[in-house]
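The values are calculated or read from the model by the stated rules, or taken from the named source; none is laboratory data. Remember, predicted model here, so these are calculated numbers, not experimental data. Quick reminder, even Gly has a Cβ in these numbers, built from the backbone with ideal geometry, and neighbours come from all protein chains shown. Ligands, DNA and RNA are stripped out before the accessible areas are found, and what is left, the full protein with its side chains, is counted by its heavy atoms. Shrake-Rupley method; radii C 1.70, N 1.55, O 1.52, S 1.80 Å.
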Amino acid sequence: MLTFIMRRVAAGAILLVVITVIAFSLLYLGSGNIARTIVGQNATQEVVDRKAAELGLDRPLFVQFWDWLTSAVSGDLGRSWFNGQLVAVQLSSRLAVTLSLVIGAILLTAIFSVILGIFAARRGGAVDGTVQFLSILGFAIPGFLIALFLVLIFAVNLHWFKATGYVPLATSFTGWLSSVTLPIVALAIGGIATISQQVRGSIVDGLSRDYVRTLRSRGLSSNRVLYKHVLRNAGGPALALLAVQFIGMIGGAVIVEQIFALPGIGSLTVQATSAGDIPMVMGIVVVTAIIAVVVNLLIDLAQAALNPKVRLS
């Protein structure tokens, strides 16, 4: 187990370096004259050159990346080129907002996907058809339309939840719940539509296997066969898909945070990218990549715990 974790951490570190190299190169090569963008188009060439020298942009790209990488390894992600604030400080305040949305959406997705998948697989017929139709509908409708619909019905008309803005959990639990419920539901619906079909298909396939008939012939109840054996085998693919959904939701949070005016990483990414704030964008890339590596590692461990036949190798 420890060897597996160490190997996965080492592979994650290599992946992180590769991602940062690609992101750093693309950002610098695609940003044109960065110093000119920062000081403005009306600035003189002398001012532009001075800004480039101040930011170290007049050095070779490899030297710039090496300096950034060595600082990042020590925990220093630099400062924003536009407001001068530490990147790590800004990310830490924004990360709590985005993670509260994504973790809430993942929990909602996992719970409802399992319930709907089991319900459709066991009942079949019209119930199965209805669940599949709703899943296709939830998958086909863009997330931003779902978010706008939720705001119109539950915030504007019924006044059950906040339409915009974020209330920290430390300030008020009910206020926090009111501010994150609709964004979480908007993020989760697409995931529920996808994973519930995965769970349903795995259960239907599992119930037709020979080992299920053997278990039933030994007198095990249908519920015990389903929940102790079939669902455990169906959990592996669903967990893998859930990990993909988790990473996808971080990207999907960009749009949802814009609609609900939430101060998360998604809205920060839009601001930093449009302004050409490369230290901030690189900080976001690093944090997102680390989250992806950690989530994949946890999913692998969860799969091994769920199904003893899965070997960590």
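Rolling a 1.4 Å probe over the protein chains gives T269 an accessible area of about 40 Å². For the chain, the solvent-accessible area with a 1.4 angstrom probe is 53 square angstrom per residue.
Computed on the Cα trace of the stretch 1-101, the radius of gyration divided by the Kirkwood hydrodynamic radius gives Rg/Rh = 1.07.
The C-alpha radius of gyration of the stretch 96-220, expressed as a fraction of 2.2 N^0.38 Å, stands at 1.33.
Treating only the Cβ atoms of Lys and Arg (+1) and Asp and Glu (-1) as charged, compute the dipole magnitude of the chain about its Cα centre; round to the nearest 20 debye.
Dipole magnitude for the chain comes out near 1560 debye.
Charge tally for V102 (other residues, Cβ to Cβ under 14 Å; Lys, Arg +1; Asp, Glu -1): 0. May I ask for the angle, rounded to the nearest 10°, between helix 45-55 and the longest principal axis of the chain, with both axes built from Cα atoms and the value confined to 0 to 90°? So the helix axis and the longest Cα principal axis differ by about 50 degrees.
Note down the relative contact order for the chain as a percent, whole number, built from C-alpha pairs under 8 angstrom at least six residues apart.
Averaging sequence separation for qualifying contacts and normalising by length gives 25 percent for the chain.
Globularity index of the stretch 136-183 is 1.27 (Cα radius of gyration / 2.2 N^0.38 Å, N = number of residues).
Carbon-plus-sulfur accessible fraction, the chain (probe radius 1.4 Å, protein heavy atoms only): 67%. Candidates T3, Q303, L226 compared by Cα position along the dipole of the chain: farthest toward the positive end lies L226, with charges placed on Cβ. Electrostatic tally near Q271: other residues with Cβ closer than 12 Å to its Cβ, Lys and Arg +1, Asp and Glu -1, net -1. Dimensions of the stretch 44-142 from C-alpha coordinates, computed as largest minus smallest value along each principal axis and given longest first, are 74, 29, 25 Å. When each of the peptides 124-134, 252-262 is scored by the mean number of other C-beta atoms lying within 10 Å of its residues, the order from highest to lowest reads 252-262, 124-134. Considering only F133, I255, W81, the residue lying farthest towards the positive end of the dipole of the chain is F133, judged by Cα position with unit charges set on Cβ. For the chain, the longest principal axis of the C-alpha atoms and the axis of helix 231-259 are separated by about 40°. Against the chain, whose longest principal axis is taken from its Cα atoms, helix 61-73 shows a tilt of about 60°. Evaluating kT/(6 pi eta Rh) at 4 °C and 1.567 mPa s, with the Kirkwood radius of the chain over Cα pairs in the Stokes-Einstein relation, gives 58 µm² s⁻¹.
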